[in-house]
Amino acid sequence: MAPSIPTPSPPSTTPADQARRAPRIGPVLVLLPGFVSVAALVVAGAIPQSFPGLPDPGVATRFGLPVVRGLRDSSAAITVGMLVMAAAVLPPAKRAGKDRIEGTRALALRFAGMFGSVWAVASVLMLALTYSDLAAVPLATNSTWRGIHSFVTDFDLGRSLAVSAALVIVAAGLAASAQRIATAGWALVVAIGALLPLALTGHAAGAANHSLAVDAQAAHLVGVTIWVGGLTALLLLRKQLGSALPTSVKRFSTLAGWAYLLVAVSGVAAALARLDSLEVLRSPYGALLAAKALLFTGLGAAGWAHRRWLLPQLSGVDATRRFTRLVLGEATVMSVAIGLAAALSATSPPPVGSSGQESTAESLLGYPMPPALGTDLHWLTQWRLDSIWVPVSVAGLGWYLLAVRRLKARGDVWPPGRTVAWAAGCIVMIVATSASPGVYGRVLFSVHMVQHMTIAMTVPVLLVFGAPVTLALRTLSSRADGSRGPREWLLAIVHSRPLAVLGHPLVTAGNFVASMVAFYYSPLLDLALRTHTGHVLMTLHFLLSGYLLASALVGIDPGPARPPYVFRLLLLMATFGFHALFAVALMSSSTILSQDWFGTLGRPWGNSLAKEQYLGGALGWAIGDYPVAMMAVAMAVGWIRSDKREARRYDRQATRDGDAALAAYNEHLRQLHARHAGPLTTRTAKREQASQGAETVKREEPQSDA
């Protein structure tokens, strides 16, 4: 019998080899938006023209700016999409550990590093071209490169572009060097963070309703990038996924649905912030906006149809080819839509609102000076819905109620008090940011202190009482293939080393105390009052720092180890004792905080600045008493319950083993007594024997003669 000739195995390929063989569709999808952007601007007649006698940045800047903007947006989408795939969608390799990056996930990170490098280069070019366009100087001159430094250091637009470029470089480096899934998660967070400064660089920064336009633009960028980038990433990785393609598509389909909802809501909000009538649709800006909206609406309908029709058919040997045929056209349309969005950002929108002269207060606040705040109903009637914290609070409340409903549907019990506490925290957050504290917080220092202390102390305590982490862990589905879904990422964060450090009781207390001092006695207060970004970051920081402190003292969710109740009580007294001293320092200070801001507003009513600061310190002191009382009561109840649980545990143990612990303890005491009583008894006997001998000798001595 002739020996069998072994079939040669195909040569193994590493992720680096696969990345070098990137599908041809990848470069096409990256470059297409730039050309679409230029074509759209030419058709709409929105390409800037040069006029004799006027400064001109040159042809390279006029046409290069939309091309580079489209290249930046498309490469950003693919980078974020690849990171989403690696961190939350793709299953790990069969022989790899759960936290190791191998197989398709390693390939996705290779692609993320490649397209992230393109994103970084495009971001740097975007910075230079933007300065060239604004300064009306050609790009290839020495004055241009000298002026870029001043553009970055002295102007908000330049700083935003520079921060975004720096974050892109960090994200690309993390993606290229990632060896564990946690690094991929950090790269995704940094990449999404690089998108947020871009919301301050477009038309949103100059919109009449600045805060709404910027917030809507930021949400729009995140939603579009995850949606478009994730689908493109699946298209590029389809051949390497193999049998994991149906599972990966199904997981991303759910994420894409939420991303599309975010895109739709934020797009409508952004349009309302920039347009005041349908007549503007006749302008070049309106035509591009209508075309973009039409494309995204069609893409949403196609995505819904694919979810209903494509997902059940993703099985068998022809699954990859069927997926490619249907998704390739959708990804191409998405690239065209990104190009239209780039053209839209390069087109001047029509003016919105009245052409009347704004007051100083309105130009600084973004809304007219509110009426005098007295004993009337202005405390209840003055509202300005916050475009970030109202949606976040409503979404948090909706998720909580749906999760509780899911628990009850399967027969589990959830304490009603926790639901009431969480709902109260969400409602108080809405009131603090959108009702009179939000309207008057940048006008009166006293109301600012009310808003600040409510967000930093009252809201976190109520949210901690709701035990959201426990509820999420009990309702979120777990994955059996080793990939990280929402539940797995939540567990990883809860048990992570950074949270163990930040959540340590001493660290949380020190952070809470130091944050107040650093914020009010530094330029940070003025930054939070003058800028929308500073105000958002201030709110987020104090909400998180208050939540960590409340969780360390009275929390019931899993997390960093909590100290004994005696130590918690001492920490509570020390922390809020310092808070009282801080309030007294504000009341007795003769230095007016942010005097330039409050004085420039020109408020014609109310107290003087000094009296407002005194009143603010008093209100901050008084408001701090309520969360302290709530935490003290919760701590006492938890202490009593802990003692009862410990006593019941000892009773059950004694019933099982016949009180062996008590018997062992008594035996230990008996042995100690015997060990120390033996030598003592011997020494006592010797002393008594010696005493008796002395008496005997004394009696036997002869009596002396008289």
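Quick check on residue 137: is it β-branched (Val, Ile, Thr), at pLDDT 90 or above and surrounded by fewer than 24 Cβ atoms within 10 Å (Cβ to Cβ)?
no
Go through 247, 201, 232 for me and flag whichever is under 25 Å from the mean Cα position of the chain (by Cα), under 30 Å from residue 326 (Cα atoms) and in the same structural domain as residue 126 (by TED's automatic domain parsing).
On the way: 247 fails: under 25 Å from the mean Cα position of the chain (by Cα); 201 fails: under 30 Å from residue 326 (Cα atoms).
It is 232.
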Of the residues in the stretch 551-583, those that are aromatic (Phe, Trp, Tyr) and exposed (fewer than 14 other Cβ atoms within 10 Å of the Cβ) come to 567
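Against the definition (under 24 Å from residue 25 (Cα atoms) and more than 18 Å from the chain's Cα centre (by Cα)), how does residue 147 come out, yes or no?
Working: under 24 Å from residue 25 (Cα atoms): no; more than 18 Å from the chain's Cα centre (by Cα): yes.
No, not satisfied.
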Yes or no: residue 175 closer than 13 Å to residue 76 by Cβ and in the same structural domain as residue 333 (by TED's automatic domain parsing)? yes
The condition of being part of a loop (DSSP other than H, G, I, E, B), of a type in the set (Gly, Ala, Ser), touching a residue at least 40 places away in the same chain (Cβ under 8 Å) and farther than 30 Å from residue 534 by Cβ holds, among 477, 483, only for 483
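Here's the yes/no breakdown for (1) at pLDDT 90 or above; (2) over 21 Å from residue 513 (Cα atoms); (3) in a helix (DSSP H, G or I):
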| position | (1), (2), (3) |
| --- | --- |
| 562 | no, no, no |
| 614 | yes, no, yes |
| 646 | no, yes, yes |
| 651 | no, yes, yes |
Cβ-Cβ under 9 Å pairs, at least 6 apart or on other chains, the stretch 285-304 side among the charged types (D, E, K, R), far side part of a helix (DSSP H, G or I): 292/267; 292/337; 292/340; 292/341; 292/343; 292/344
Go through (1) of a type outside the set (A, V, I, L, M, F, W, C); (2) crowded, with 16+ Cβ neighbours inside 10 Å; (3) farther than 30 Å from residue 247 by Cβ; (4) more than 18 Å from the chain's Cα centre (by Cα) for residue 483 and report which single condition fails. (3)
Checking residue 382 against (1) at pLDDT below 80; (2) touching a Pro at 6+ places or on another chain (Cβ under 8 Å), the condition it does not meet: (1)
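The values are calculated or read from the model by the stated rules, or taken from the named source; none is laboratory data. Quick caveat, the model's predicted, so the values are computed rather than measured. Here Cβ is always computed from backbone atoms with ideal geometry, including for glycine, and neighbour counts include all displayed protein chains.
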